[in-house]
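The values are calculated or read from the model by the stated rules, or taken from the named source; none is laboratory data. In this text, all values refer to a predicted model and were calculated from it rather than measured experimentally. All accessible areas refer to the heavy atoms of the entire protein, side chains included, with ligands and DNA or RNA removed. Shrake-Rupley method; radii C 1.70, N 1.55, O 1.52, S 1.80 Å.
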Amino acid sequence: MTTDSPVVLGEDGLARPPWAAADPLLRDYYDTEWGLPIRDERGLFERLSLEAFQSGLSWATILRKRPAFRAAFDNFDPDVVAAYGESDVQRLMGDAGIVRNLAKIRATITNAAATVRLREQGGLAEFIWSFQPDRTPEPRTPDEIPTTSPESLALAKALRREGFAFVGPTTMFALMEAVGIVDTHLVGSHRRGTSGVWAS
C-alpha cells in the first residue's frame, strides 16, 4: 500500500481509491462496473432505485443486498414494478433481504410509473444522459470529488417535474458517477478514463 498517495496500490499492482481497496465486493464493483456507461432503461431504473435506497446507508450495504433487491423488484422491470399494489408494498416491507423503508419502496413504484411515462419523451436513458456536462471533474484526492454539480441539480429538478421521487441532487450526482455520465475516478487510478465517454 502507498502512504503518500490518494490511491492505494493493490497486490495486483493496480491503483484504486481507498473505498475500493479493501473490501473484495467493492473492489470488484469498482474494477468491473462503477463508472461504465449504462444507456438502457432497465439498467438505469435499477441504478436510480438502488441509489435512492442507498441514501443514508453505505453503498456496500446496498451492493450486498442487490441480488435480493433484483429478486424482490422483478429484476427492476419498470412495467412490472409500475403495476405493484398494496399487497406488493406489504410483501416488500416483509422482505428481510432488502432495505425495508416504506418511503423508498413507494418511491421505487412511483419512479417505475414515471419511467414508463417518459417513453413518450424518448425514454429514461435519453432523458438522464441529456444532462451530461461538457467537462468532467479531474479529482486528484477524495476531497476533490464533488458531491453535486449544476447538472445533477438540474437533473433532480427535471426528474421531480416528471413525477420521480427520492432524486435529490446528491443522489443524482452519485447516479451520474455510477453510470459513466461523469468520470470521478481519481487521477492515478487504473480506471481513470476507461469508460469510453471521457478521455483520461
3J(HN,Hα) from dihedral phi, the stretch 82-91, Karplus parametrisation 6.51/-1.76/1.60, rounded to Hz, x for glycine, proline
4, 8, 4, x, 4, 5, 5, 4, 5, 4
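Using a 1.4 Å probe, what is the accessible area per residue for the chain, in Å²? Could you put the intermediate results ahead of the total?
On the way: 9420 Å² over 200 residues.
Counting only protein heavy atoms, the per-residue value for the chain is 47 Å².
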Give me the percent relative contact order of the stretch 1-82, please, defined on Cα pairs under 8 angstrom at least 6 residues apart.
17
Tally up the carbon and sulfur contribution to the accessible surface of the stretch 3-157 as a whole percent, 1.4 Å probe, everything protein left in place.
51
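Once the piece of chain linking ASP74 and ILE145 is laid out straight, how much longer is it, given 0.36 nm per residue of separation minus the C-alpha distance between them?
On the way: separation 71, 0.36 × 71 = 25.56 nm, distance 3.39 nm.
Difference between extended and current length: 22.2 nm.
Rounded, prolate or oblate: which one fits the stretch 63-113, using the alpha carbon gyration tensor with axes a ≥ b ≥ c (rounded when a/c is under 1.5, else prolate when a/b beats b/c, else oblate)? Before the final figure, lay out the partial values.
Working: a/c = 1.67, a/b = 1.24, b/c = 1.35.
Oblate shape, in that a/c is at least 1.5 and b/c is the bigger or equal ratio.
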Using alpha-carbon positions, the gyration tensor of the stretch 103-200 gives root eigenvalues a ≥ b ≥ c; with a/c under 1.5 called rounded, otherwise prolate if a/b exceeds b/c, else oblate, the class is prolate
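Defining a contact as two alpha carbons under 8 Å apart and six or more residues distant in sequence, what relative contact order in percent does the stretch 60-200 show?
Numbers: 152 pairs, mean separation 26.7, N = 141.
Dividing the mean separation by the residue count of the stretch 60-200 yields 19 percent.
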Add -39500 (n - 2.57) for each DSSP H run of 4 or more in the chain, then divide by its residues: what number comes out at 222 nm, to the nearest 500 deg cm²/dmol?
-14000 deg cm²/dmol
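Starting from the Cα gyration tensor of the stretch 19-123, take the square roots of the eigenvalues, sort them a ≥ b ≥ c, and report rounded, prolate or oblate (rounded when a/c is under 1.5, otherwise prolate if a/b is larger than b/c, else oblate).
oblate
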